[in-house]
Amino acid sequence: MAKIRVLVVEDSLTIRKRMLEVLAADPGIDIVGEAADGQLGIDLCQQLRPDVVTLDMMLPVLSGLAATEFIMAYCPTPILIVSASINRGDLFKTYEALAAGALDALDKPTGDELDDAWDKKLVATVKLISRIKVITHPRARLGRMGQTPAPTQAAQALQPSGRLRAVAIGVSTGGPGALIEILRGLPAGFALPIFLVMHVGKLFTPAFAEWLGAQSSIPVRYAVDGDPLPPHGQGGLLMAPPDSHLVISEGKLRLTQDPERNACRPSIDVLFESFAHAFGAGGAGCLLTGMGKDGAAGLLAIRRAGGRTIAQDEASSVVFGMPREAILLGAAEQVLSLDQIAPRLGVLAEVPAGRPV
């Protein structure tokens, strides 16, 4: 079996040596190159065509974000962000890199770890993303990253009287880019609340809701335990915070520390199952790109409750794992490409719940 060819791009000599030692110690990995700045990282990626690039965000000459945009636009390669950035501005750059096509983010080692857990996580993540066939992201060529488009037209809020009452979305790998596409594609004045679970590392989540809200006209915030459901006709996106399940119960939002489902907390299945019970035929569920099977059983629960269900198709998914599992279960009423999902939600919001469309 061929070894996984890895390029390490990291300006800190100490961290770079640590990563090289950890990766080289695995018999299934071959280090093909290393770089201390973003421009050299791009040059080596084009020359060596590695299977995986590990990439710091804060780099000299050319930033990790700029390197990600170029690589994914011109020589698409699975990218693992390895970063120690925790301030708001640097976190925003990490989110933008993930939206531009980077597959995952891992915090840097602190140097005071008591075991080899970080080493094992680095190796496991590199092996995992090496199996993902990434797609070209033309966004960097078009200069669209980080821009919030103005609404194309003025519109009154869509009133969902007698129609859908809410939307639930679950997403994992490839999530930031997929969410931006959907939020920007919703009709102006979209007035249904959206409940979201996205799998992302805890270290990288503190400012994600703020960043996502800045990408479109849809307000975004983390759910707060005990808050009532939004009033009828009030839009906005409510996101499960890191390490807490989001549950809809008795007209309120609940955050729980119940055990993980599908090795996840928050779990998409947990949200979807409670959403199905709360909204029945008045709900629509969307399961987007991601590894594993979280959300498949929950999407089936929404469909069985009379709700509308959508799974993202293989061609537009970064990872066709979760949507595929839902399709195999018969949970997906429709299988749509990413660019079709927002328009479809706009149509459903204008059609009485339960009526064929």
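So MET291 ticks every box in (1) crowded, with 23+ Cβ neighbours inside 10 Å; (2) closer than 30 Å to ILE79 by Cα but one. Which box is left unticked?
Failing condition for MET291: (1).
Any residue that is farther than 26 Å from PRO176 by Cβ and either polar (S, T, N, Q) or surrounded by 15 or more Cβ atoms within 10 Å (Cβ to Cβ) (or both) - is there at least one of those in segment 8-15? Quick ask: steps written out before the conclusion?
Residues of segment 8-15 farther than 26 Å from PRO176 by Cβ: 13-14.
Those left that are additionally either polar (S, T, N, Q) or surrounded by 15 or more Cβ atoms within 10 Å (Cβ to Cβ) (or both): 14.
Taking every residue of segment 8-15 in turn, at least one turns out to be farther than 26 Å from PRO176 by Cβ and either polar (S, T, N, Q) or surrounded by 15 or more Cβ atoms within 10 Å (Cβ to Cβ) (or both).
Considering only segment 299-357, state which residues are surrounded by 15 or more Cβ atoms within 10 Å (Cβ to Cβ), modelled with pLDDT under 95 and not in a helix (DSSP H, G or I).
Of everything in segment 299-357, those that are surrounded by 15 or more Cβ atoms within 10 Å (Cβ to Cβ), modelled with pLDDT under 95 and not in a helix (DSSP H, G or I) turn out to be SER316, SER317, VAL318, VAL319, PHE320, GLY321, ALA349, VAL351, ALA353.
Test VAL53 against the criterion of being surrounded by 19 or more Cβ atoms within 10 Å (Cβ to Cβ) and either in contact with a helix residue (DSSP H, G or I) (Cβ under 8 Å, 6 or more places away or on another chain) or among the acidic types (Asp, Glu) (or both), and give yes or no.
On the way: surrounded by 19 or more Cβ atoms within 10 Å (Cβ to Cβ): yes; either in contact with a helix residue (DSSP H, G or I) (Cβ under 8 Å, 6 or more places away or on another chain) or among the acidic types (Asp, Glu) (or both): yes.
Criteria met by VAL53.
Can you name the residue in segment 81-92 that is touching a Ser or Thr at 6+ places or on another chain (Cβ under 8 Å) and at pLDDT below 90 and is also surrounded by the fewest Cβ atoms within 10 Å (Cβ to Cβ) among such residues? Break it down stepwise before answering.
Of the residues in segment 81-92, the ones touching a Ser or Thr at 6+ places or on another chain (Cβ under 8 Å) are 81-83, 85, 90-91.
Adding the requirement that they be at pLDDT below 90 leaves 83, 85, 90-91.
Numbers: SER83: 22, SER85: 21, ASP90: 16, LEU91: 22.
So the residue we want is ASP90.
How about segment 241-281: which of its residues are closer than 20 Å to ALA305 by Cβ and of a type in the set (Gly, Ala, Ser)?
Residues satisfying the conditions are SER249, GLY251, SER267, SER274, ALA276, ALA278, GLY280, ALA281.
Which condition does ILE218 not pass, out of (1) buried (at least 18 other Cβ atoms within 10 Å of the Cβ); (2) modelled with pLDDT under 95, if it passes all the others?
With (1) buried (at least 18 other Cβ atoms within 10 Å of the Cβ); (2) modelled with pLDDT under 95 applied to ILE218, the lone miss is (1).
May I ask you to list the residues in segment 4-45 that are under 15 Å from SER130 (Cβ atoms) and either part of a strand (DSSP E or B) or outside the structural domain of ASP119 (by TED's automatic domain parsing) (or both)?
Those that are under 15 Å from SER130 (Cβ atoms) and either part of a strand (DSSP E or B) or outside the structural domain of ASP119 (by TED's automatic domain parsing) (or both): ILE4, ARG5, VAL6, LEU7, VAL8, ILE29, ASP30, ILE31, VAL32.
Please verify whether LEU287 is under 14 Å from VAL171 (Cα atoms) and not β-branched (Val, Ile, Thr), treating the condition exactly as stated. So that I can check it myself, show each step before the final result.
On the way: under 14 Å from VAL171 (Cα atoms): yes; not β-branched (Val, Ile, Thr): yes.
Here the answer is yes, as LEU287 does meet what is asked.
Quick check on my filter: what residues within segment 321-344 are more than 11 Å from LEU287 (Cβ to Cβ) and either within 17 Å of the chain's Cα centre (by Cα) or among the hydroxyl-bearing types (Ser, Thr, Tyr) (or both)?
SER337, LEU338, ASP339, ALA342
So, in segment 194-208, exactly how many residues are surrounded by 21 or more Cβ atoms within 10 Å (Cβ to Cβ) and either outside any loop (DSSP other than H, G, I, E, B) or free of Cβ contacts under 8 Å to residues at least 60 places away in the same chain (or both)?
Result for segment 194-208: 7.
Here are some residues: PRO138, PRO78, PRO109. Which one is modelled with pLDDT under 95 and surrounded by 17 or more Cβ atoms within 10 Å (Cβ to Cβ)? Don't jump to the end; show me each part of the working.
Values: PRO138 fails: surrounded by 17 or more Cβ atoms within 10 Å (Cβ to Cβ); PRO78 fails: modelled with pLDDT under 95.
Of the residues listed, the single one that is modelled with pLDDT under 95 and surrounded by 17 or more Cβ atoms within 10 Å (Cβ to Cβ) is PRO109.
The values are calculated or read from the model by the stated rules, or taken from the named source; none is laboratory data. Because the structure is predicted, anything quoted here is derived from the model rather than measured. Methodologically, a virtual Cβ is constructed for each residue, glycine included, from the backbone with ideal geometry; neighbour enumeration extends over all protein chains shown.
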